[in-house]
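Engineer: Below: one structure in structure tokens.
Every number in this text was worked out from the coordinates using simple rules, so none of it is lab data. In this text, all values refer to a predicted model and were calculated from it rather than measured experimentally. Note that we place each Cβ from the backbone using ideal geometry, even for glycine, and neighbour counts take in every protein chain shown.
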Number of protein chains: 2
Amino acid sequence: MKLGTIKDGTRDGTLVVISRDLKRAVKAEGIARTLQAALDGWAEKSLALDVLYKGLNAGKVAVGTFPFDPKQAMAPLPRAYQWVDGSAYLVHAERVRRSRGAELPQSAYEDPLMYQGASDTMQGPRDDIAMSDEAWGIDFEGEIVAVTGDVPMGAAEVECLAAIRLLTIVNDVSLRGLIPAELAKGFGFLHGKPSTAFAPVMATPDELGDSWKGGTIHLPLTATLNGKLVGQCDAGVDMSFSLARLAAHAAKTRVLSAGTIVGSGTVANRDESKGCSCIAEIRAIETIKHGKPQTPFMRFGDTIRLDMKDASGNSIFGTIEQTVVKYAPQRAGA
Amino acid sequence: MKLGTIKDGTRDGTLVVISRDLKRAVKAEGIARTLQAALDGWAEKSLALDVLYKGLNAGKVAVGTFPFDPKQAMAPLPRAYQWVDGSAYLVHAERVRRSRGAELPQSAYEDPLMYQGASDTMQGPRDDIAMSDEAWGIDFEGEIVAVTGDVPMGAAEVECLAAIRLLTIVNDVSLRGLIPAELAKGFGFLHGKPSTAFAPVMATPDELGDSWKGGTIHLPLTATLNGKLVGQCDAGVDMSFSLARLAAHAAKTRVLSAGTIVGSGTVANRDESKGCSCIAEIRAIETIKHGKPQTPFMRFGDTIRLDMKDASGNSIFGTIEQTVVKYAPQRAGA
């Protein structure tokens with residue numbers, strides 16, 4: 001089944017069920033007002049949502065359906081209680097280090113890198129990337145993510161796999177100019193990882209069919225920067241830690257509450273012809289080859305488009321399409 | 001005004017208004033079902049809550065009041081959308097570094113250290129500290145925290161000061177055995193900072209009177225470990241960055257949504273006679289003086305009590321009283 005959230009003037013929006021072809025939607029109000037509410041009572045709510053989804057696909061929902069417009073979509077979870085992001089495609093980290101003349105430590109191949117991200121202001125698929133300063137080195141990062149149910153402390157990978165409720169793709173916006181100094185302080189990312197943007201749709205793993213296997217999605221993630229295809233890395237290739245393994249890593253010393261979002265880190269393939277899912281890696285490859293980077297980070301007006309299509313060429317989660325703009329504060333009175 | 005959340009079987013509990021003396025409470029259902037809902041619409045909701053609070057203190061709420069029992073309290077925000085924790089008492093960091101023969105870099109005196117914490121499973125004031133392994137080096141950390149309203153990106157300290165809605169004290173549980181290896185990986189805390197516990201009550205800044213000044217609380221935080229007083233550090237002394245400054249730091253590259261919790265880091269004073277607000281610092285002082293630490297980290301069965309009293313000796317936020325226990329998974333079916 002496919003779920004999303006549409007704008008209604010509230011902070012959490014309205015949960016909608018979206019047809020498999022992403023063309024029609026219907027509010028799920030009678031079942032759950034928000035996606036978080038659905039996740040909080042998933043065992044029961046998901047059954048009712050699935051009935052609605054099947055009816056929508058079959059054209060049998062008599063009232064309340066409307067054309068699904070991604071411009072009206074918020075992030076499926078506009079505010080989430082947890083966002084943890086791993087670094088599962090080690091070739092990404094290897095290239096970035098190699099461009100600096102360094103090597104990835106052996107421990108990275110056995111013990112996942114993961115940071116605790118901000119989850120209070122998730123961005124919608126068409127929201128602008130609003131930043132105060134171009135000099136921050138604005139970059140996109142194409143990733144796949146899983147949303148979990150409740151996960152006990154110390155849960156094994158197989159238990160986490162069973163707890164994966166939904167999947168989608170994200171743009172983990174990164175500020176490359178701020179990250180080196182921030183990481184040198186030793187407490188991880190804060191300024192360098194502003195609000196993450198989500199595709200309009202989250203899908204249950206069964207929607208992926210054979211492409212969902214071993215805790216990852218075996219399909220290419222396409223990245224199009226200012227209209228030019230720059231990446232088509234397969235998320236099922238060169239992934240060292242599955243989404244389930246990453247969830248188990250996060251759960252080592254604490255339970256994860258329902259609605260926890262677990263990210264893969266930038267999708268990357270060893271095959272260079274597949275391109276890259278972020279500018280930093282493009283620049284790393286340029287530096288390794290030519291001694292210096294050529295591709296600039298994003299400027300105001302630049303656009304990024306991320307998408308994942310199934311074997312028949314149909315978008316699964318809908319596209320993320322964002323433009324970088326200069327931030328202008330809205331002083332809300334709440 | 002003083003607010004808290006009591007258990008009702010749901011994930012977010014029921015918002016209650018609590019009398020100034022912490023003895024009586026009344027549900028705020030007609031105004032807001034949860035504290036997050038109150039924070040989401042603070043401009044309007046806080047006025048109605050304040051009327052209820054004044055009536056409760058004056059003994060004029062005719063129906064629905066009941067004795068307030070901290071054992072029935074959840075964390076005031078049982079699930080929060082954001083928890084960022086600074087390191088504002090630099091003497092704490094200095095002592096820990098000095099015990100290892102290192103010095104704090106000069107940058108730490110100008111640019112706050114801060115980590116993004118997990119906010120999906122905040123613990124109540126009497127909840128056990130449930131951990132799988134004593135060898136993780138279980139420690140408490142006594143801190144003060146502010147809860148903000150919406151904060152625009154790039155907000156100045158003075159703007160953040162005006163956005164502070166509520167204050168309380170927390171136990172930022174830390175796993176000292178896991179932190180060094182984790183920080184060496186470079187992505188900050190994940191395993192080393194499990195769920196944080198909160199006092200039963202959050203208070204608006206006006207409740208603190210003259211003790212709320214310059215973005216901090218000028219009162220001692222008492223820490224009692226296994227019945228022995230080990231710390232009474234004044235949170236208004238030796239604080240290098242106010243709670244408002246810490247919020248401004250967090251807001252540099254993104255907006256903070258209402259209900260963001262900003263922490264001070266372990267409260268610490270240069271005057272050694274005031275003791276310490278965590279075991280790691282006690283051990284650092286022991287190491288500096290005697291060459292090795294003497295005080296062990298917490299074991300199963302150990303207890304920690306944190307409290308902050310006003311000038312008249314009355315607890316402001318109620319006490320945190322927790323016992324360390326062996327974690328036993330509850331496999332919920334949600």
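Engineer: Partner chain Cβ atoms within 10 Å, averaged over the residues of A:187-199 - can you pull that number for me?
Structural biologist: Mean inter-chain Cβ contacts per residue within 10 Å come to 5.
Engineer: Hey, another quick one. Students often forget the sequence filter, so: which lysines lie under 25 Å Cα-Cα from B:K289 once same-chain residues fewer than 8 apart are removed?
Structural biologist: Hits, sequence-local ones excluded: B:K228, B:K274.
Engineer: If you don't mind, another one. Other chains near A:34-40: what is the mean number of their Cβ atoms within 10 Å of each residue's Cβ?
Structural biologist: Details: counts 0, 0, 2, 0, 0, 1, 5.
Mean shielding by partner chains, rounded to a whole number: 1.
Engineer: Which Cα, out of A:G154, A:T266, A:V230, lies furthest along the positive dipole direction of chain A (beta carbon charges, K/R +1, D/E -1)?
Structural biologist: A:V230
Engineer: Say we join alpha carbon atoms closer than 10 Å with springs in a Gaussian network model of chain B; which of B:F140, B:F198, B:F297 then has the biggest fluctuation?
Structural biologist: B:F297
Engineer: Identify the GluC sites (Glu not before Pro) of the stretch B:236-334 meeting these criteria: DSSP loop state and at most 13 other C-beta atoms within 10 Å of the C-beta.
Structural biologist: Passing sites in the stretch B:236-334 do not exist.
Engineer: Please state the charge dipole magnitude for the stretch A:1-147, taken about the Cα centre, from unit charges on C-beta atoms (+1 on K and R, -1 on D and E), reported in debye and rounded to the nearest 20.
Structural biologist: Taking the Cα centre of the stretch A:1-147 as origin, the dipole is about 780 debye.
Engineer: When a footprinting reagent is the concern and you count Cβ atoms within 10 Å, what order do B:I288, B:I31 take, fewest first? Can you show the working numbers first?
Structural biologist: Numbers: B:I288 14, B:I31 19.
In order of increasing Cβ crowding within 10 Å: B:I288, B:I31.
Engineer: Let me ask something else about it. Order these by the 10 Å Cβ neighbour count, fewest first: B:S315, A:S257. All intermediate terms of the calculation are to be shown ahead of the outcome.
Structural biologist: Numbers: B:S315 18, A:S257 26.
Going from sparsest to densest Cβ surroundings: B:S315, A:S257.
Engineer: Report, for A:E286, each distance to the same residue's label point in the other copies, shortest first and in nm; define the point 7 Å along Cα→Cβ.
Structural biologist: In ascending order, 5.5 nm.
Engineer: While we're on this one: Of the cross-linked pairs A:K292/A:K326; A:K193/B:K213; B:K45/B:K252; A:K23/A:K54, which ones have a Cα-Cα span greater than 20 Å in the structure shown?
Structural biologist: Checking Cα-Cα distances, A:K292/A:K326; A:K193/B:K213; B:K45/B:K252 exceed 20 Å.
Engineer: Highest mean first, what order results for B:60-71, A:155-166 on Cβ atoms within 10 Å?
Structural biologist: A:155-166, B:60-71
Engineer: Run a plain Debye calculation on chain B (Cα atoms as equal point scatterers, no solvent) and give log10 I(q)/I(0) at q = 0.07, 0.09, 0.15 Å⁻¹, rounded to two decimals, same order as the q list.
Structural biologist: These q points yield log10 I(q)/I(0) values of -0.27, -0.44, -1.29.
Engineer: With a 10 Å cut-off between alpha carbons and a GNM built on chain A, which of A:A37, A:A135, A:A184 moves the most?
Structural biologist: Result for chain A, Cα springs under 10 Å: A:A184 fluctuates most.
Engineer: Could you work out which residue, out of B:G192, B:G301, B:G231, moves most in a Gaussian network model of chain B, that is, has the largest mean-square fluctuation with Cα springs under 10 Å?
Structural biologist: Highest fluctuation among the options: B:G301.
Engineer: Further, regarding this structure: Return the chain B residue and its Cβ-to-axis distance, rounded to the nearest Å, for the rotation relating B to A.
Structural biologist: B:G188, 1
Engineer: Also, quick follow-up: Restricting to DSSP H runs of at least four residues, report the calculated mean residue ellipticity at 222 nm for chain A, -39500 (n - 2.57) per run over all residues, nearest 500 deg cm²/dmol.
Structural biologist: -5500 deg cm²/dmol
Engineer: Taking every residue in B:244-256, how many Cβ atoms of other protein chains lie within 10 Å of its Cβ, on average?
Structural biologist: Per residue, the average neighbour count from other chains is 4.
Engineer: In terms of the Cα gyration tensor, with a ≥ b ≥ c the square roots of its eigenvalues, is the stretch B:33-124 rounded because a/c is under 1.5, prolate because a/b exceeds b/c, or oblate?
Structural biologist: In terms of gyration-tensor shape, prolate.
Engineer: Once each part is reduced to its C-alpha centroid, what is the distance from the stretch A:255-334 to the stretch A:58-109 in angstrom?
Structural biologist: One Cα centre to the other: 9 Å.
Engineer: Considering only the label points, 7 Å along Cα→Cβ from Cα, what distances in nm to one decimal separate A:R299 from the same position in each other copy, shortest first?
Structural biologist: For A:R299, the other copies' label points sit at 6.5 nm, shortest first.
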